[in-house]
Amino acid sequence: MKMVKNQEYEIEILDIDKSGGGIGRVDNMAVFIPNAVTEDIVNTKIIKLAKNYAIGKLINIVKPSQYRIEGKCNSADKCGGCSVQHIDYDFQLKYKQKQVKDCLERIGKIQNVNVQPTVGMDNPLHYRNKAQYPIRKVGDKCHIGFYALKTHNVVNINQCLIDDVRNAQIINIVRNFLESKNISIYNEETHKGLIRHLVIRTSRKEILVCLVINGKTIPYIEDLIQNLKKVSDIVGIVLNHNKEKGNVILSEKNTIAYGRDYITETICGLKFKISLLSFFQVNIIQTEALYSIVKDLADLKGTENVLDAYCGIGTIALCLADKAKKVVGVEIVKQAVINAKENAKINSIDNVQFVLGKAEDLLLDEKYDLIVLDPPRKGCDLEFLNKITNNAPPKIIYVSCDPATLARDVKFISEKGYKVNSVQPVDMFPYTSHVETVVLMSK
Ligand SMILES: C[S@@+](CC[C@H](N)C(=O)[O-])C[C@H]1O[C@@H](n2cnc3c(N)ncnc32)[C@H](O)[C@@H]1O
């Protein structure tokens, strides 16, 4: 049977793809079907037919899989953020474990790799501590929410199921303020208008609210501040001044409208200062789980020199410091390095040093016993991996939020004589297709 575009087919789902959609087969050709799950039988309309694969739209479910659950979010079909919210949570964890294993075997060429079961959450909702909501004017209404899948139309939301539960009240206050005072809203096409994004950063006890604006200030800002101050955990309101065209949300220019421009959080018994522009893991409960895995795998005795490459605000470096002789952290974002140095001081830790710059530019002129790598999604620079493996630390711990680039880099490191000792996925991003992984390699 030759597949035909726009025709409907009944398809059994055999697996899940890397973005969380189902994979079935027609005439031996893979068909990718968003919102389907392994063991579903679905009617699918073929909406794209390429040479080696097809994309199908789920028309209706003929027989639901045992792993299918009722989606909890009303905006899920429009927003596309939680692409596995139709999948039972235990099966989400298994799917992520399999994703990591598949990547390490297929891309990393590591055969029969033992990947541990994914560390999940007891309550996997409302975990996100950073949200960036675009704002649009639609008639006389203000839409605050998320971009609809593959567009820049804003899906107006009241409450997101994975964002901090306190955000809903803030969104409501900001929307009412903007509508009642008729504040001008930014238009991407004309590059005119004032208010661009609402950014909220939270810790367990504190909230930082930021309005990204195409200008100097907001009319009637005192009214907004008075209304937001009623939300008890807000410690700061910041204006971020972004006059550039394009998709970059935050500029480097902030002014404080109220309180301060950072929040604090306690992780593994240490206190951390987190500024608006610094990277911080999005899920505090899983971050503590992740760092304790790193600490266990590091198994430091107090004599080791450690390098924490891509160190952010110094969290991993500082969590390892009490068991190391010395830890060096390197990070490209200036504000994060400032936070890292402050965090060392706040916690009275003096055997750490933080360097501002690109990891790949580090000289590596001293010998390390452990190198921790926690790069962004694109993974490590090849030149840097070369330098690391030439430094030949007995242990490398790689923390990654992208199994594909992790596998590519693990392949490189293993070709330099390192063995993969342990692979531990952690569910940092429940209800999405993303997964965090810790890999220990040694020689
Ligand atoms: C995934 S985060 C990890 C941060 C930290 N380890 C943590 O757990 O919070 C990656 C960090 O690498 C930084 N970064 C990106 N490219 C870099 C580079 N070439 N050299 C050094 N740091 C870089 C980012 O600013 C970010 O803070």
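Details
- Residue within segment 288-300 that is part of a loop (DSSP other than H, G, I, E, B) and at pLDDT 95 or above present: yes
- Of LYS192, LYS181, LYS205, all but one fail to be touching a Pro at 6+ places or on another chain (Cβ under 7 Å) and not aliphatic (A, V, I, L, M); the exception is LYS181.
- Of the residues making up segment 109-139, those that are more than 25 Å from VAL248 (Cβ to Cβ) and either in a strand (DSSP E or B) or among the small types (Gly, Ala, Ser) (or both) number 4.
- Where a residue in segment 329-343 is of a type in the set (Lys, Arg) and its partner, wherever it lies, is open to solvent by 20 Å² or more (accessible area, probe 1.4 Å) and near the ligand (Cβ under 10 Å from one of its atoms), with Cβ under 7 Å and at least six apart: LYS334/LEU356
- Only one of ASN351, ASN343, ASN305 that is open to solvent by less than 10 Å² (accessible area, probe 1.4 Å) and either at pLDDT 95 or above or more than 12 Å from the ligand (Cβ to nearest atom) (or both): ASN343
- Residue match in segment 36-57 (condition: touching a Cys at 6+ places or on another chain (Cβ under 9 Å) and without any contact (Cβ under 8 Å) to a residue 24 or more places away in the chain): no
- Per the conditions (1) outside any loop (DSSP other than H, G, I, E, B); (2) within 13 Å of the ligand (Cβ to nearest atom), the sole criterion not satisfied by MET428 is (1).
- So LYS273, is it open to solvent by 10 Å² or more (accessible area, probe 1.4 Å), touching a residue at least 40 places away in the same chain (Cβ under 8 Å) and within 16 Å of the ligand (Cβ to nearest atom): yes
- Neighbours by Cβ (under 7 Å, 6+ apart or cross-chain): first from segment 371-383, assigned by TED's automatic domain parsing to the domain that holds LEU297; second among the charged types (D, E, K, R) and within 8 Å of the ligand (Cβ to nearest atom): VAL372/ASP308; ASP381/GLU360; GLU383/GLU360
- Filter result for the condition that a residue is open to solvent by 10 Å² or more (accessible area, probe 1.4 Å), more than 16 Å from the ligand (Cβ to nearest atom) and touching a residue at least 40 places away in the same chain (Cβ under 8 Å), over ASP299, ASP233: ASP233
The values are calculated or read from the model by the stated rules, or taken from the named source; none is laboratory data. Because the structure is a prediction, the values reported are computed rather than measured. Ideal geometry is used to build each Cβ from the backbone, glycine not excepted, and the neighbour counts take in all protein chains shown. Keep in mind that these areas ignore ligands, DNA and RNA; they rest on the heavy atoms of the full protein, side chains included. Shrake-Rupley method; radii C 1.70, N 1.55, O 1.52, S 1.80 Å.
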